[in-house]
Amino acid sequence: MKVRYLPTLLSAMLLSACTTSPTGRSQLMMVSDNQMNQMGLTAFDGMRKQGKFVDAPRERAYATCVSQALISVLPSPWSTQPWEVQIVDDDSANAFALPGGRIGVNRGMFKLASDQNQLAVVLGHELSHVVSRHGAERVSDNMAAQAVVVAGSAYAASRGTSAGYTAAALGLGAEVGILLPFSRTQESEADTLGQRYMAQAGFDPRAAVALWQKMGQQSGTKPPAFLSTHPSSSNRAVALGQQAEQLMPVYEQARASGHAPDCRL
């Protein structure tokens, strides 16, 4: 293939893979839901084989209760597919949800999230990553970034420039200019959707503010903001506090209509 055709081919490939997120944001999507589901199941099974999960019936039942309340308000197909919840033997405050219907909650999260509402903040956020197809978007972004580096290196070689040097420079540019900004966008989008889902499920959306304030108090040294893949905890707390007030009627209506979870550890 001649080098001059590479930009045209790359542009056509990217344009044909554009979709829209639940918030209306344009996304690059070069992998299917079935592919991502298989990747999620494979990753989860790998953790199981490595003995990452712990036998913790109380914690698992509690996390499952919160998860199921949230899953019930998700759009299809996520609201109707089976989900499995496991407790990860890790003292750090973290959790995840994977395509294919798998959720993991670190033991350390129960020390930080002090009630069902705060745990719903975390799990609503993680489920929103799945609903928004953020995993597929990240894979697609990496694929596109690699294609840009290959095309740029081939062009540089045709012009007599060191292909290795150009690949390194383009690689850094792709990481900072494409991959990390998208990741920050995804985190903010998951915050917004997750808080919406928790209100619809009957969890108090104001708990998001308290949780992220706790996160901020636990945070250590952070990289510069433009290199961070997550919005700062303080910025998150402010944004979620503003949205919480708008979601209070949704929360109150959910409780009145029977969405009143009572999950306890």
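Any read-out appearing in this document is the output of simple, stated calculations on the displayed coordinates, not a laboratory observation. Being a predicted model, the structure only gives us computed values, none of them experimental. FYI the Cβ positions are ideal-geometry reconstructions off the backbone, even for glycines, and counts take in every protein chain you see.
Numbers at a glance
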{"quantity": "T20 versus S188: modelled label distance in nm, points set 7 Å from Cα along the beta carbon direction", "calculated": "2.0 nm"}
{"quantity": "Extension reserve of the S114-Q242 stretch, reckoned as 0.36 nm per residue once the Cα distance is removed", "calculated": "43.9 nm"}
{"quantity": "Proximal charge balance of R107 [Cβ under 10 Å; K/R count +1, D/E count -1]", "calculated": "-3"}
{"quantity": "Rounded to whole Hz, the Karplus (6.51, -1.76, 1.60) HN-Hα couplings of segment 62-70, x for glycine and proline", "calculated": "5, 5, 5, 4, 5, 4, 5, 4, 6"}
{"quantity": "Separation in nanometres of the label points that stand 7 Å from Cα toward Cβ, at D55 and N94", "calculated": "2.6 nm"}
{"quantity": "Difference of contour (0.36 nm per residue) and Cα-Cα distance, D262 to Q217", "calculated": "13.4 nm"}
